[in-house]
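Report on one structure; see the data block that follows.
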Amino acid sequence: MKKLFFTILIIATFTITSWSQACEGFYPLKTGTVIEMQSFSAKDKLTATNRQTILEADETDEGLIIKVKSEQFDEKGNAIFEQELQMRCKDNVFYMDMESFLDPNTMKSMQDMEVTVDASDLAFPSRMEVGQTLPDGSVSMKVSGGMAMLNMTVNIINRKVEAFESITVPAGTFDCYKITYDTDVKSIVKVTTTTAEWIAKNVGMVRSETYDKKGKLTGYTVLSKFIP
């Protein structure tokens, strides 16, 4: 079954005035910014580290396109994979491509198969209020090759701004909006989880917590390093 990484990308504050006015919000846009996130089990055991570096940002008819180098490491610090992601920001809304959630190692293993991916962007408006409902996001994949067939759908639903809180993590203390949502993964079996995440102005995600359908914590992620 495809391994998914639901790591919300933290993108950097951009320095050109016209772009910052069009895309000012919860995600930094500055080229060269480094964001490091560490993931832990419910028992506080380090399970993975994700490091993202902003490569460049270009203004286009589709908005501000941000290219990001994403590196994944295991619990021992060994590199697992590296890929380049592309994000978009337009009219004070940051859009994350749901296709970015698909594990590139799994995609590589399917290079000789016919793979069809259909995705909708996940939107993060620059202005948020407690009680606000945010748009859903989804991605579906169909794989066929020989006798093998696989259909998978990931839906992020029930997104809501729950609170405004101060959160302390290894990278510092931040004033954050708390967003909650449900994730439904449908493939051979259906898996449903609930996530709470805290995002800060011009920083991005500071902390996230994932719970199973019984409300039990299964893991969490914290911002461990932020170099603007």
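Every residue in the stretch 40-63 that is under 16 Å from residue 227 (Cα atoms) and either surrounded by fewer than 14 Cβ atoms within 10 Å (Cβ to Cβ) or touching a helix residue (DSSP H, G or I) at 6+ places or on another chain (Cβ under 7 Å) (or both), please.
56
May I ask you to list the residues in the stretch 56-84 that are more than 17 Å from the chain's Cα centre (by Cα) and either within 25 Å of residue 219 (Cα to Cα) or of a type outside the set (Asp, Glu) (or both)?
57, 60, 63, 64, 74, 75, 76, 77, 78, 79, 80
Can you name the residue in the stretch 195-228 that is under 30 Å from residue 151 (Cα atoms) and more than 16 Å from the chain's Cα centre (by Cα) and, of all such residues, is surrounded by the fewest Cβ atoms within 10 Å (Cβ to Cβ)?
214
Could you grab me the full set of residues in the stretch 64-113 that are small (Gly, Ala, Ser), at pLDDT below 85 and surrounded by 13 or more Cβ atoms within 10 Å (Cβ to Cβ)?
Once the filter is applied, which keeps residues that are small (Gly, Ala, Ser), at pLDDT below 85 and surrounded by 13 or more Cβ atoms within 10 Å (Cβ to Cβ), the stretch 64-113 yields only 100.
Here is a yes/no grid of residues against (1) over 21 Å from residue 42 (Cβ atoms); (2) exposed (fewer than 13 other Cβ atoms within 10 Å of the Cβ); (3) of a type in the set (Lys, Arg); (4) over 18 Å from the mean Cα position of the chain (by Cα):
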residue	(1), (2), (3), (4)
127	yes, yes, yes, yes
138	yes, no, no, no
163	yes, no, no, yes
173	yes, yes, no, yes
193	no, no, no, no
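Please go through the stretch 57-80 and give me each residue that is in a strand (DSSP E or B) and on the phi > 0 side of the Ramachandran plot, ordered by number.
Once the filter is applied, which keeps residues that are in a strand (DSSP E or B) and on the phi > 0 side of the Ramachandran plot, the stretch 57-80 yields only 63.
It is to be established whether one or more residues within the stretch 145-153 are under 20 Å from the mean Cα position of the chain (by Cα), at pLDDT below 90 and not small (Gly, Ala, Ser).
Among the residues of the stretch 145-153, at least one is under 20 Å from the mean Cα position of the chain (by Cα), at pLDDT below 90 and not small (Gly, Ala, Ser), which makes the answer yes.
Exactly one of (1) more than 26 Å from residue 90 (Cβ to Cβ); (2) in a strand (DSSP E or B); (3) without any contact (Cβ under 8 Å) to a residue 60 or more places away in the chain is unmet by residue 214. Its number?
The single condition residue 214 does not satisfy is (2).
Which count do you get for residues in the stretch 129-144 that are modelled with pLDDT under 90 and closer than 25 Å to residue 92 by Cα?
3
Test each condition in (1) touching a strand residue (DSSP E or B) at 6+ places or on another chain (Cβ under 6 Å); (2) farther than 29 Å from residue 116 by Cβ; (3) of a type in the set (Val, Ile, Thr) for residue 168 and report the one that comes out false.
It is condition (1) that residue 168 fails.
For the stretch 157-173, what are the residues that are free of Cβ contacts under 8 Å to residues at least 40 places away in the same chain and not charged (D, E, K, R)?
If the condition is that a residue be free of Cβ contacts under 8 Å to residues at least 40 places away in the same chain and not charged (D, E, K, R), then 157, 158, 161, 163, 164, 166, 168, 173 are the ones that fit.
Against the condition in contact with a Ser or Thr (Cβ under 7 Å, 6 or more places away or on another chain), under 23 Å from residue 87 (Cα atoms) and modelled with pLDDT of 75 or more, how does residue 121 come out, does it pass?
The answer is no for residue 121.
The values are calculated or read from the model by the stated rules, or taken from the named source; none is laboratory data. These figures come from a predicted structure and were not determined experimentally. Neighbour counts run over all protein chains shown; Cβ positions are idealised from the backbone, glycine included.
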